[in-house]
Structure formats: structure tokens, C-alpha cells
Amino acid sequence: MTTNYELYKVFYWAAKTGSLTQAAKALYITQPSVSHAIKQLEDSFGLTLFYRNSKGVALTQEGASLYSYIEQSQILISLAEEKMAALKNLDNGELRIGGSDSLFKHYMLSYIEEFHIQYPNIKLHLSHGTTPEVITFLKEGKIDLGVVRMPIVDPQLEVRESIQLKDCFVAGERYAQLKGKVLTLEQLLEHELILFSRNSRVRMAITELFNSYNYTLKPEIEVGSVDLLIEFARRGLGISYVTREFISKELEDGSLFEIQLDVPLPPSHVGIMTKRNMPISSAANRFMDLIFKAQT
């Protein structure tokens, strides 16, 4: 069955607004034209898609099922239109990036600053979230690219490795007696630990390491930001697990020191994530070029 796309557009706006009048206004057509289009669509399926209520119209169960598909197509069409506009001229585009607060602050900030200097008319939109949230943002077309901890295994996504980071356990002056000592994992677990929340890639990686040695991590404190990991360790509330590159200042001034362990800790890789087989804007391409050229 071949159905005119315009009928689906009318259906989408009627369902979205819950009003034939509002749908007509959105599409710059008459209300009778909206009613006629919906009737054509219902006749083609042999199903009732709307019923009238005191506020206007509402979807039947069959209509709601159809809307779940049509809504996705509208998202893709809107995304395509936005991409074309951004491709036209970097002076009138936008760049939408998703990532965690810590990666934005400690890794991406200098690249974002440089990009803004070179292309001041490109609007920047930063969406903060966990890795699962950033993946959802990307799949829904809310961002152009995501900056995430790897590994990411998803057939819908393409991830280019950017840099390698090194995570470590650190403590403040309260734990000065541990300076210069090499601890076993068992000895480390005797102390209060401060870790990222359970759904973070960093937390998953260190949990897997301890599990591989038949130990269970039971942190005293769980936080959602690098800044809190750093500050809590500085104040002596426990031993934090944090990315070494993010605490270079604290390690240098001595407010934090690294806890030495008798086993190697897994490196952490940062990747730039885009949607597979989906062209990205000129602004996003230029931003990625800026990152990878700086690292060569």
C-alpha cells in the first residue's frame, strides 16, 4: 500500500496537537482539508485513528500505534533538515555535543574554546549526562556527537578513540601514612573508598577489576562528579578513584597523592561517538578534525 506522505504529516500534527484546528494552522491549510486527509488515511488502513473528545481529538489504540512510528520518521526528517542547514554555511550552523561534566571540564573545554574562537557564529549546545543518556541523546537526534568513556558496543553507533586516560586511587593528608607504600587490593579495601555512581563507565571498569581478583567493592561514599571525588579525598573523607589527568594540579601541590597498588589498574579510553551511516554537520566534522589534528 502506497500512501501520500502529506497524509502522514497531517496525521502527525493532528495527533501532536490534539486539535484539527491547530494542525491546520501548523500546516497552513484549512480544517476541512485536515479532516479529509485523516479520513483518507483511515480509509486506506480500514481503521479508525482518532476519536473526538471535549478538547478536540485523541488517538485510538490503533492511532497510537501508528503515531509511534510516524513520530520517529518526523524526528529523522527534522534531523535531515537541520543537517542540510548546517552544511550550507558554518556561519549559521550549530554544534551539539553530549558528554559528562568531567569530560567537558577536564578534556573538552580547550577544544570547545578553540572552536568558538575560530567559528564564533556557530551556536554551541552542550548536553550533560551519563554514557547511557548520551547514547540516547545521539539516537534521538538531540546531539551531533558524544564524548564518552569506552568501550561502546552498539551497531547503531560509530566510535573513534580519542585519548587514553589513567585512573588511580588518591588520598589526602589524613592518609599520609600510606605514602610510599604498595598496597594489595585487600589492604586497600580496609579503608573508606569513594567511587563514582554505579552506572558510570569508570565505576564499571574498577568493579570488574576487583571482581577478577574475587573481591567486592563496597564504597563508603558514592558521588556523581569528579569535583566531589577530588574534594572529598582532599578533606580526608576517604580514598577516591579518579582520573589522574584530572588531578594534575592537586598531585603537584601535594594536596593529593596517589595510592600505589601491587596490581596494574586498567587504562580508560575516551571516544568520540556518532550515529553510524548518518551524515554529520560541517560544524561537527570541523570540531572532530580540530580534536584529532591536535592529538597527532
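The values are calculated or read from the model by the stated rules, or taken from the named source; none is laboratory data. Fair warning: this is a prediction, and the values are worked out from it, not measured in the lab. Quick reminder, even Gly has a Cβ in these numbers, built from the backbone with ideal geometry, and neighbours come from all protein chains shown. Just so you know, the surface numbers come from the protein's heavy atoms only, side chains and all, with ligands and any DNA or RNA stripped out. Shrake-Rupley method; radii C 1.70, N 1.55, O 1.52, S 1.80 Å.
When restricted to residues that are farther than 18 Å from V134 by Cα and of a type in the set (V, I, T), segment 252-294 contains 3.
Out of S197, S268, S248, one residue alone is hydroxyl-bearing (S, T, Y), closer than 30 Å to G141 by Cα and surrounded by fewer than 15 Cβ atoms within 10 Å (Cβ to Cβ). It is S197.
Please determine whether any residue of segment 274-296 is touching a strand residue (DSSP E or B) at 6+ places or on another chain (Cβ under 6 Å), of a type in the set (A, V, I, L, M, F, W, C), open to solvent by less than 40 Å² (accessible area, probe 1.4 Å) and in a strand (DSSP E or B). Within segment 274-296, none of the residues are touching a strand residue (DSSP E or B) at 6+ places or on another chain (Cβ under 6 Å), of a type in the set (A, V, I, L, M, F, W, C), open to solvent by less than 40 Å² (accessible area, probe 1.4 Å) and in a strand (DSSP E or B). Here L165 passes the criteria (1) assigned to a loop (DSSP other than H, G, I, E, B); (2) among the aliphatic types (A, V, I, L, M); (3) modelled with pLDDT under 90; (4) touching a helix residue (DSSP H, G or I) at 6+ places or on another chain (Cβ under 7 Å) except the one numbered (1). Picking from residues in segment 244-256 that are out of contact with any helix residue (DSSP H, G or I) (no Cβ under 7 Å at 6 or more places or on another chain) and not charged (D, E, K, R), the one that is farthest from R201 (Cα to Cα) is G254.
Among the candidates V226, V263, V270, which residue alone is closer than 22 Å to F104 by Cα, out of contact with any Cys (no Cβ under 7 Å at 6 or more places or on another chain), at pLDDT 90 or above and among the β-branched types (V, I, T)? Of the residues listed, the single one that is closer than 22 Å to F104 by Cα, out of contact with any Cys (no Cβ under 7 Å at 6 or more places or on another chain), at pLDDT 90 or above and among the β-branched types (V, I, T) is V270.
Among all positions in segment 147-158, there is at least one residue which is among the polar types (S, T, N, Q), more than 25 Å from K16 (Cα to Cα) and either in a helix (DSSP H, G or I) or assigned by the TED database to the domain that holds L290 (or both).
Scanning segment 162-188 for residues that are surrounded by 12 or more Cβ atoms within 10 Å (Cβ to Cβ), small (G, A, S) and farther than 30 Å from A294 by Cα gives A171, G172. Residues of segment 138-160 that are acidic (D, E) and exposed (fewer than 13 other Cβ atoms within 10 Å of the Cβ): E140 alone. Filtered by the rule that a residue be among the acidic types (D, E) and either loosely packed, with under 13 Cβ neighbours inside 10 Å or closer than 12 Å to A14 by Cα (or both), segment 25-68 gives a lone residue, D43. Of all residue pairs spaced 6 or more apart or on separate chains, none has beta-carbon atoms under 7 Å together with a first member in segment 88-102 that is buried (at least 22 other Cβ atoms within 10 Å of the Cβ) and a second member that is in a strand (DSSP E or B) and modelled with pLDDT under 80.
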